[in-house]
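S.K.: Got a structure for you, written out below as structure tokens; questions coming shortly.
The values are calculated or read from the model by the stated rules, or taken from the named source; none is laboratory data. This structure is a prediction, so every number in the text was calculated from the model and none was measured. Cβ coordinates were reconstructed from backbone atoms using ideal geometry, including for glycine residues, and neighbour counts include every protein chain displayed. Side chains included, ligands, DNA and RNA excluded: accessible areas come from the protein's heavy atoms. Shrake-Rupley method; radii C 1.70, N 1.55, O 1.52, S 1.80 Å.
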Amino acid sequence: ADKNLQSQLSGKIDDTINYYNIELGKLNNSGIKGSKQIAEEVLSWRANAYAGLVSNVDNFVLWSQNQNLFKTASARMAQVAPMVSFLSQASNNDLAIAFAAAHASFNTAEDENASARNALAESLSPGETLSIIKQSLQSLADTYKNFFNVSDVIQKLLIGKSQN
């Protein structure tokens, strides 16, 4: 996970705790009318600031957990590339096209994953950030579909070669 984002969110959580402690301290000498006013301010603050922070923390956790998926896809891309290069020497356009599609969708997924990280860092709205995270995962799913296509082409090539 990204330590800077984690630290940034942790700082915002600390700010939230401090806010609650300050407001709690005000209650000691406020009386009933003052307590009601403080409670209304806290509720308003909670609806405007705290709810978004909680959603951003949830989005950060989701994004962080997805990073292993991206690492695995990157490793898979690195494993497949030499085989594709070797087999493409046999001038197989199907394999080159299938691998290019996998590579393109992976690049898109990585770009969207970086956009999701930036959205978290810039504290975009939780809904907007979640949408970007979902899109990056959809592009990663497309990458795996394309990996299966590459695998199918390779199997056909290897079966065809073994029959010759």
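Every residue, every condition in (1) closer than 30 Å to S7 by Cα; (2) aromatic (F, W, Y); (3) not in a helix (DSSP H, G or I), yes or no:
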site	(1), (2), (3)
K71	yes, no, no
A98	no, no, no
A104	no, no, no
T108	yes, no, no
N113	yes, no, no
N118	yes, no, no
L124	yes, no, yes
L137	yes, no, no
D152	no, no, no
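S.K.: Also, I was wondering about something else. Considering only segment 19-43, how many residues are surrounded by 13 or more Cβ atoms within 10 Å (Cβ to Cβ) and β-branched (V, I, T)?
M.R.: Within segment 19-43, residues that are surrounded by 13 or more Cβ atoms within 10 Å (Cβ to Cβ) and β-branched (V, I, T) number 2.
S.K.: Just give me the residues in segment 92-136 being small (G, A, S) and open to solvent by 30 Å² or more (accessible area, probe 1.4 Å), in sequence order.
M.R.: Of everything in segment 92-136, those that are small (G, A, S) and open to solvent by 30 Å² or more (accessible area, probe 1.4 Å) turn out to be A96, A100, A101, A104, A114, S115, A121, S123, S125, G127, S131.
S.K.: Of the residues R46, R76, only one is assigned to a helix (DSSP H, G or I), closer than 26 Å to K134 by Cβ and open to solvent by 70 Å² or more (accessible area, probe 1.4 Å); which?
M.R.: R76
S.K.: Shifting gears a bit: Taking segment 1-11 only, how many residues are open to solvent by 70 Å² or more (accessible area, probe 1.4 Å) and in contact (Cβ under 8 Å) with a residue 12 or more places away in the chain?
M.R.: Of the residues in that region, 3 qualify.
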